[in-house]
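Trainee: Dumping the structure here so I can ask a few things about it.
The values are calculated or read from the model by the stated rules, or taken from the named source; none is laboratory data. Treat the numbers as computed from the prediction; the structure is a model and nothing was measured. When we count neighbours, we look across all protein chains shown, and the Cβ atoms used for this are built from the backbone with ideal geometry, even at glycine.
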Amino acid sequence: MRFVAIASIFLSAFLAFSVEPLTAKRFLPAFGGTASVWVTCLVAFQGVLFLGYLYAHAVARLARKTQIGVHLGLLAVSFVVFPFRVPRPPSPEAVPLFGLLFEMARSAALPFFVLSTNSALVQHWYTRRTGKAPWFLYAVSNAGSLLGLLGYPLIVEPLTGLRAQSTLWLAGYALFVVCTGVVVVIAAGAASEAAPSSPAPPREQVVRWFTRSALGAMLLTAVSFWITMDVAAVPLLWVLPLALYLATFILAFSPRAPFPRASLVILAMLAIMLGLLNSMVNPRSIELVVGSGLGAVFIGGWIVHGDLSRDRPAPDRLTGYYLWIAAGGFAGGLVGNVVPPLLFDSIAEYPIALALLAIALAAATDTRPIRETLRSRSTWAILAGVVALLALASWGLRTERGDGSWFHMILIAVLVPGVVLVRKRPGLFGLTSACIAVFLVTGNLAGNLVDAERSFYGVVRVSMVGGVKRMKHGTTIHGAARRKPGDPPGAYYHPSGPLGESVVAQSDGARIGIVGLGVGALAALGRPGQTITFYEINPDVAPLAQEHFDFLGTSLAAVDHVLGDARLTIGGVPDGTFDLLVVDAFSSDAVPVHLLTKEGVAVWLRKTKPGGTVVFHVSNRYFHLLPVLRGAAEASKAHVLSKSFEPTMEQRTEELATEVVAGAMTLDSANAARLAATGWQPLTAEESILWTDDYTSVLTTLTFLR
């Protein structure tokens with residue numbers, strides 16, 4: 001039975017954790033390409049995983065023949081229900097979170113539920129059949145999960161499209177059903193079931209299982225949302241935190257892997273402090289953004305899951321053990337994803353998760369009673385120093401006109417050595433981390449904050465920095481204003497830049513469509529007789545732009561905005577409507593990929609008039625997107641050109657370095673010639689990368705790989 005059990009568990013784990021990014025990627029276009037799609041899918045899958053373990057725990061207590069019959073019936077039903085239905089996009093008035101959960105339930109819930117039941121049941125049957133401990137099968141399960149996750153963005157996604165991926169997955173699922181059926185048949189010949197002989201775990205032990213699992217899952221969810229919102233909502237960044245999370249289970253439950261807890265605690269302290277500092281300053285380095293988050297997931301997860309492994313029960317209690325781990329994972333995911341948008345207007349779950357990890361380390365490591373720590377004068381002296389540094393940080397970030405990098409380095413230079421000094425006092429470190437998290441969550445480090453809103457589509461903040469009012473989505477500035485009435489917009493949208501000059505060049509009666517509202521800066525360049533329509537998916541953006549910026553209200557053109565995903569809303573506009581269409585939709589610093597696929601670009605071109613132009617804003621810290629534009633243009637038989645612009649100090653809104661990169665696409669040869677005469681360059685030197693609704697891969701566009 002050993003080998004068929006290994007095959008069944010490996011296949012179930014591999015398929016379960018490859019269907020997660022596959023399902024989320026299929027849902028991305030329908031739900032605006034936002035980072036919340038993955039995090040919501042992650043929590044939903046954790047919920048189904050919990051139900052799967054609940055089913056396994058209940059079935060394991062039935063009579064042997066009843067177990068076999070029930071599970072064979074479930075396998076048969078799941079195999080005949082087709083799992084990959086086409087997702088239906090929500091209406092602009094609907095709550096996208098609920099729509100996404102409903103689509104997941106109808107598309108992937110049943111097969112994932114069956115897969116999630118498999119590991120616990122097969123381990124249970126293996127123990128009953130052989131009388132041996134099954135913990136090595138748990139490592140096999142996590143290894144299959146890890147390979148399924150990493151294989152998707154690195155092998156499956158770059159080589160195949162969504163239709164082929166779905167077909168291959170269904171073939172793998174059929175093989176899984178066969179292997180599991182063999183296991184069930186073998187289990188049918190096992191000795192009669194016996195009631196668990198070991199004593200039931202005490203309540204304190206069950207609470208430890210639940211809370212440790214919840215903490216690891218909350219950290220995973222918070223880090224996943226933070227890095228995907230800021231960089232890109234793509235499978236490559238989705239699976240990295242989850243893969244490291246699973247790797248910690250493998251290390252924790254492997255009998256041959258050492259568990260250097262004391263060393264890990266020191267590394268966890270450093271990771272926690274670096275993560276808190278990064279959430280304070282939001283550095284413009286992809287290495288710091290991604291690396292600090294991944295480090296926290298890996299080190300923190302290894303510690304809490306190592307503690308889980310050391311606290312495991314006798315093998316006859318394993319289904320209850322797995323059930324409480326799954327329940328904690330689901331609860332941690334809910335707290336990390338569903339609760340924060342309801343309570344906070346920032347990504348508060350990230351510093352909260354880091355602080356909870358620090359407190360958990362203190363509770364499990366520090367030998368001093370908490371009363372002794374609180375009574376110590378040195379404790380309050382150090383906390384006073386931390387508060388002073390945070391006050392200095394609050395002042396520095398309010399007055400900082402650059403990107404805050406210098407201040408970030410000062411904080412690291414002061415606080416990271418402080419971790420070394422308090423490494424033998426985890427209780428003090430936990431209090432310090434909690435103090436910083438409170439400052440972050442309550443907004444005391446954002447004394448320049450004017451307004452903020454959080455929704456399914458991310459966090460939008462309006463702040464005043466150095467006399468400049470600006471709007472940020474995540475860590476990316478989506479517009480700013482420091483001007484007298486009548487002054488042109490600056491930075492990205494200055495009339496001398498490619499975006500601004502495209503609007504200025506339009507005739508008096510032109511119809512202009514703009515995908516992505518921001519602060520509405522391009523509206524300031526409109527003239528009487530023109531019509532400018534903004535298309536914005538985030539319902540929080542328009543009220544903030546109208547309340548805090550005057551670009552929309554003072555425009556000479558007729559301005560309106562339409563709520564909803566632009567590919568859907570513009571898709572309903574008559575063909576040939578726009579003289580100019582500007583695609584300037586960013587989710588933090590990432591362009592939703594479904595707006596740049598062959599099918600998406602075909603929509604933009606179809607909606608422009610003969611001789612019209614589509615201009616794409618592709619300035620990006622992480623991705624080089626001009627090759628994607630060339631690939632889409634070649635597929636549509638369109639002309640494509642690009643233009644870069646670096647505004648002078650007088651043309652900038654603030655003293656941030658700004659380089660604008662834009663691409664222009666047109667079906668008209670004469671229009672392409674006019675663009676070339678004004679400085680636009682044909683993209684002949686760029687390679688061609690074609691994205692479609694069926695196939696996208698960001699690996700070849702990452703700037704640090706080029």
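Trainee: Tally up the residues in segment 527-558 that are under 25 Å from the mean Cα position of the chain (by Cα) and polar (S, T, N, Q), please.
Mentor: Qualifying residue count for the region: 1.
Trainee: In segment 128-169, what count of residues is obtained for those that are polar (S, T, N, Q) and surrounded by 19 or more Cβ atoms within 10 Å (Cβ to Cβ)? Before you say what the answer is, go through the steps one by one.
Mentor: Residues of segment 128-169 that are polar (S, T, N, Q), as a first pass: 130, 141-142, 145, 160, 165-167.
Narrowing further to those that are surrounded by 19 or more Cβ atoms within 10 Å (Cβ to Cβ): 141-142, 145, 165.
Of the residues in segment 128-169, 4 are polar (S, T, N, Q) and surrounded by 19 or more Cβ atoms within 10 Å (Cβ to Cβ).
Trainee: Could you give me the residue pairs with C-beta distances under 8 Å whose first residue belongs to segment 537-566 and is touching a residue at least 24 places away in the same chain (Cβ under 8 Å), whose second residue is among the charged types (D, E, K, R) and in a loop (DSSP other than H, G, I, E, B) wherever it lies, and which are 6+ apart or on separate chains?
Mentor: Every condition considered, the pairs that remain are I537/D565; L556/R527; A557/R527.
Trainee: Is it true that some residue in segment 463-471 is buried (at least 18 other Cβ atoms within 10 Å of the Cβ) and modelled with pLDDT under 75? Don't jump to the end; show me each part of the working.
Mentor: Applying the first criterion (buried (at least 18 other Cβ atoms within 10 Å of the Cβ)) to segment 463-471 yields 463, 465, 468-471.
Applying the additional criterion that residues be modelled with pLDDT under 75 yields 465.
Yes, the conditions are met somewhere in segment 463-471.
Trainee: Show me the helices (runs of 4 or more DSSP H) found entirely inside segment 493-591 where at least 2 residues are at pLDDT 90 or above and buried (at least 24 other Cβ atoms within 10 Å of the Cβ). Steps first, answer last, please.
Mentor: Details: elements: 498-504, 541-548, 566-569.
Fully inside segment 493-591 and qualifying: 498-504, 541-548.
Trainee: Please go through segment 14-25 and give me each residue that is crowded, with 24+ Cβ neighbours inside 10 Å and among the aromatic types (F, W, Y), ordered by number.
Mentor: Of everything in segment 14-25, just one residue is crowded, with 24+ Cβ neighbours inside 10 Å and among the aromatic types (F, W, Y), namely F17.
Trainee: Scan segment 675-689 residue by residue and report those that are buried (at least 17 other Cβ atoms within 10 Å of the Cβ) and in contact with a Lys or Arg (Cβ under 8 Å, 6 or more places away or on another chain). Quick ask: steps written out before the conclusion?
Mentor: Of segment 675-689, the ones buried (at least 17 other Cβ atoms within 10 Å of the Cβ) are 675, 680, 683, 686, 689.
Correct list: W680, L683, E686, I689.
Trainee: Working carefully through the options G320, G336, G329, G301, find the one that is in contact with a His (Cβ under 7 Å, 6 or more places away or on another chain), among the small types (G, A, S) and closer than 23 Å to F45 by Cα.
Mentor: Values: G336 fails: in contact with a His (Cβ under 7 Å, 6 or more places away or on another chain); G329 fails: in contact with a His (Cβ under 7 Å, 6 or more places away or on another chain); G301 fails: in contact with a His (Cβ under 7 Å, 6 or more places away or on another chain).
One residue alone meets the criteria, G320.
Trainee: Would you point out the residue of segment 1-13, among those that are surrounded by fewer than 23 Cβ atoms within 10 Å (Cβ to Cβ) and in a helix (DSSP H, G or I), that is modelled with the lowest pLDDT?
Mentor: Just the residues of segment 1-13 that are surrounded by fewer than 23 Cβ atoms within 10 Å (Cβ to Cβ), to begin with: 1-4, 6-7, 10-11.
Cutting the leftovers down to in a helix (DSSP H, G or I) gives us 2-4, 6-7, 10-11.
Numbers: R2: 78, F3: 82, V4: 86, I6: 88, A7: 90, F10: 93, L11: 94.
Once the filter is applied, the top-ranked residue is R2.
Trainee: Now a separate question. Which ones in segment 339-358 are at pLDDT 80 or above and either surrounded by fewer than 19 Cβ atoms within 10 Å (Cβ to Cβ) or in a loop (DSSP other than H, G, I, E, B) (or both)? Before the answer, list the steps.
Mentor: Filtering segment 339-358 for residues at pLDDT 80 or above gives 348-358.
Of everything in segment 339-358, just one residue is at pLDDT 80 or above and either surrounded by fewer than 19 Cβ atoms within 10 Å (Cβ to Cβ) or in a loop (DSSP other than H, G, I, E, B) (or both), namely A348.
Trainee: Would you say L72 is part of a helix (DSSP H, G or I), of a type in the set (A, V, I, L, M, F, W, C) and surrounded by fewer than 21 Cβ atoms within 10 Å (Cβ to Cβ)? Outline the logic, then answer.
Mentor: Values: part of a helix (DSSP H, G or I): yes; of a type in the set (A, V, I, L, M, F, W, C): yes; surrounded by fewer than 21 Cβ atoms within 10 Å (Cβ to Cβ): yes.
Judged against the criteria, L72 is a match.
Trainee: Return the residue satisfying two criteria in turn: it lies in segment 26-60 and is more than 30 Å from W226 (Cα to Cα) and in contact (Cβ under 8 Å) with a residue 40 or more places away in the chain, and of such residues it is surrounded by the most Cβ atoms within 10 Å (Cβ to Cβ). If you could, list the steps in order and put the result at the bottom.
Mentor: Just the residues of segment 26-60 that are more than 30 Å from W226 (Cα to Cα), to begin with: 54-60.
Filter once more, keeping what is in contact (Cβ under 8 Å) with a residue 40 or more places away in the chain: 54-57, 59-60.
Numbers: L54: 18, Y55: 21, A56: 26, H57: 21, V59: 19, A60: 20.
The selected residue is A56.
Trainee: Could you say whether any residue in segment 605-614 is assigned to a helix (DSSP H, G or I) and either of a type in the set (D, E) or modelled with pLDDT of 85 or more (or both)?
Mentor: Step one: list which residues in segment 605-614 are assigned to a helix (DSSP H, G or I), which gives 605-606.
In the following step, the residues that additionally are either of a type in the set (D, E) or modelled with pLDDT of 85 or more (or both) were identified as 605-606.
There is at least one residue in segment 605-614 that is assigned to a helix (DSSP H, G or I) and either of a type in the set (D, E) or modelled with pLDDT of 85 or more (or both).
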